[in-house]
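What follows is a short report on a single structure.
None of the figures in this text is laboratory data; all of them are computed from the coordinates on show. This is a predicted model, so every value here is computed, not measured. Note that each Cβ is placed from the backbone with ideal geometry, even for glycine, and that neighbours are counted across all protein chains shown.
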Amino acid sequence: MAVHSAILRFRTRGHGHIVDLTEGVASVVEAAGSPQAIACVAARGSTVAVTTMEYEPGGIHDLTEALERLVPVEGDYAHNRLNHDTNAYAHMRAAIIGPSETIPVVEGRLALGTWQQLVLLDFDDRERDRTVNVQVVW
Amino acid sequence: MAVHSAILRFRTRGHGHIVDLTEGVASVVEAAGSPQAIACVAARGSTVAVTTMEYEPGGIHDLTEALERLVPVEGDYAHNRLNHDTNAYAHMRAAIIGPSETIPVVEGRLALGTWQQLVLLDFDDRERDRTVNVQVVW
Amino acid sequence: MAVHSAILRFRTRGHGHIVDLTEGVASVVEAAGSPQAIACVAARGSTVAVTTMEYEPGGIHDLTEALERLVPVEGDYAHNRLNHDTNAYAHMRAAIIGPSETIPVVEGRLALGTWQQLVLLDFDDRERDRTVNVQVVW
């Protein structure tokens, strides 16, 4: 048994910027070298989320629009009023989607579908330096 | 320590078909044979999700209706326009709910509530053969 | 390798009561004593969810309002009609957010952001005794 630990770092644009994590996580899984394992992928921060999606321009556009419709950037939000802040919407979107996914590693590879990528969604309303922790455990 | 790895396969109807995974995952946990562990349950594909719910006709109906209200099947979606596709809504629903849950195994059993089942939600707009990977790690 | 297993217990007020789990989970991680690991945090029950958020009054208020707008307490819900129940909304919210998060443990500590707390959301419409299972695996 072992834990193979790695950190992926990204400069994001915020405002819902979606970053494809798949290649980075796959490299960590390869370095871990175990044929059977799990890969826990988690973003640090309360305005950022991790999920999977087909990473293509249409889907990116649609998800962005849907989240704007469900939890709009503009609104009479207590987080903004109480903290003199502007990113309340980002906190809500991140909490609903959640910060982590854990993906099986089978025959040494992430058990994702052909059109399924691991992604980071940065909802904050400015550029951010983001940290994603990857733990491969077997 | 060990990883016990299994694959569950299902033929789904798509269109939000919800499949109860609990018995299948419980069998994998039993075969693993460890009293203390975690069970990672993840669906392959970008139009399918995993979560827990009380698997009963009322709740299935309500969740289906709520998701149709929040992310309708019909809409002017870029994924459909750009890829000559019809399942943009399925991609968005799957990304919001997410593809994986990891459930503790305590005293050899999944730590679920009495009325809490692990479920697969297949949002695609046609029948699909689906693969769920289960990794029990301890 | 080992699994360190613990149970956190809470009396909640229901009605969307959000409980900060961070200190409790951090204590379990410390007791586990492994510098590199993962911490799986999962709530038992089909009307309760686990995620992360900045645990502050504004954000708590906003998330509560957003969930009421997205999945209202009142509605013509089949779960309530068929089961003579009143908490259909709670089941839907819990299924959408999901019951578990798995957080890396790095250098002996939970890899959370400074303003990011692990939380339990109890959506049921009455007081509940809730159980959260924490498994630290390495």
- Could you check residue C:27 against (1) crowded, with 17+ Cβ neighbours inside 10 Å; (2) assigned to a helix (DSSP H, G or I); (3) small (Gly, Ala, Ser) and say which number it fails? (1)
- Candidate set from the range C:30-55 (those that are among the charged types (D, E, K, R) and surrounded by 17 or more Cβ atoms within 10 Å (Cβ to Cβ)); member that is nearest to residue B:38 (Cα to Cα): C:44
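Mind checking which residues of the range C:1-24 are of a type outside the set (A, V, I, L, M, F, W, C), more than 17 Å from residue C:129 (Cα to Cα), over 12 Å from the mean Cα position of the chain (by Cα) and surrounded by fewer than 21 Cβ atoms within 10 Å (Cβ to Cβ)?
Narrowing the range C:1-24 to residues of a type outside the set (A, V, I, L, M, F, W, C): C:4-5, C:9, C:11-17, C:20, C:22-24.
Of the ones still in play, those that are also more than 17 Å from residue C:129 (Cα to Cα) are C:4-5, C:22-23.
Restricting the remaining residues to those that are over 12 Å from the mean Cα position of the chain (by Cα) gives C:4-5, C:23.
If the condition is that a residue be of a type outside the set (A, V, I, L, M, F, W, C), more than 17 Å from residue C:129 (Cα to Cα), over 12 Å from the mean Cα position of the chain (by Cα) and surrounded by fewer than 21 Cβ atoms within 10 Å (Cβ to Cβ), then C:4, C:23 are the ones that fit.
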- Query: Among the numbered criteria (1) under 12 Å from the mean Cα position of the chain (by Cα); (2) over 30 Å from residue A:131 (Cα atoms), which single criterion is violated by residue C:89?
  - Reply: (1)
- Considering (1) in contact (Cβ under 8 Å) with a residue 60 or more places away in the chain; (2) over 19 Å from residue C:98 (Cβ atoms), say which one residue B:38 fails and leave the rest. (2)
- Query: Taking the range A:89-127 on its own, how many of its residues are aliphatic (A, V, I, L, M), more than 20 Å from residue A:46 (Cβ to Cβ) and within 9 Å of chain B (Cβ to nearest Cβ)?
  - Reply: 5
- Item | Checking residue C:86 against (1) touching a Ser or Thr at 6+ places or on another chain (Cβ under 6 Å); (2) polar (S, T, N, Q); (3) more than 9 Å from chain B (Cβ to nearest Cβ); (4) closer than 24 Å to residue B:116 by Cβ, the condition it does not meet | (1)
- Message: Residue under question is residue B:79, and the condition is that it be of a type outside the set (Val, Ile, Thr), assigned to a helix (DSSP H, G or I) and farther than 26 Å from residue A:36 by Cβ; does it hold?
- Response: yes
- Query: Is there any pair with a first residue in the range B:5-34 that is within 14 Å of chain A (Cβ to nearest Cβ) and a second that is part of a helix (DSSP H, G or I) and of a type outside the set (A, V, I, L, M, F, W, C) whose Cβ atoms are under 8 Å apart and which are 6 or more apart or on different chains, and what are they?
  - Reply: B:8/B:24
- Message: Among the residues of the range C:85-101, are any touching a Leu at 6+ places or on another chain (Cβ under 7 Å), of a type outside the set (A, V, I, L, M), within 22 Å of residue B:22 (Cα to Cα) and in a helix (DSSP H, G or I)?
- Response: yes
- Query: Out of (1) surrounded by 24 or more Cβ atoms within 10 Å (Cβ to Cβ); (2) acidic (Asp, Glu); (3) over 30 Å from residue B:138 (Cα atoms), the odd one out for residue C:76 is which?
  - Reply: (1)
- Item | Contacts under 6 angstrom Cβ, first residue in the range B:49-71 being more than 7 Å from every other protein chain (Cβ to nearest Cβ) and part of a strand (DSSP E or B), partner of a type in the set (S, T, N, Q) and buried (at least 17 other Cβ atoms within 10 Å of the Cβ), 6 or more apart | B:50/B:100
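Out of the residues in the range B:1-50 meeting the condition of being of a type in the set (Ser, Thr, Tyr) and touching a strand residue (DSSP E or B) at 6+ places or on another chain (Cβ under 6 Å), tell me which one is farthest from residue C:6 (Cα to Cα).
Step one: filter the range B:1-50 for residues of a type in the set (Ser, Thr, Tyr), giving B:5, B:12, B:22, B:27, B:34, B:46-47.
With touching a strand residue (DSSP E or B) at 6+ places or on another chain (Cβ under 6 Å) added as a condition, the list becomes B:5, B:12, B:22, B:46.
Numbers: B:5: 24, B:12: 37, B:22: 23, B:46: 34 Å.
The extreme case among them is B:12.
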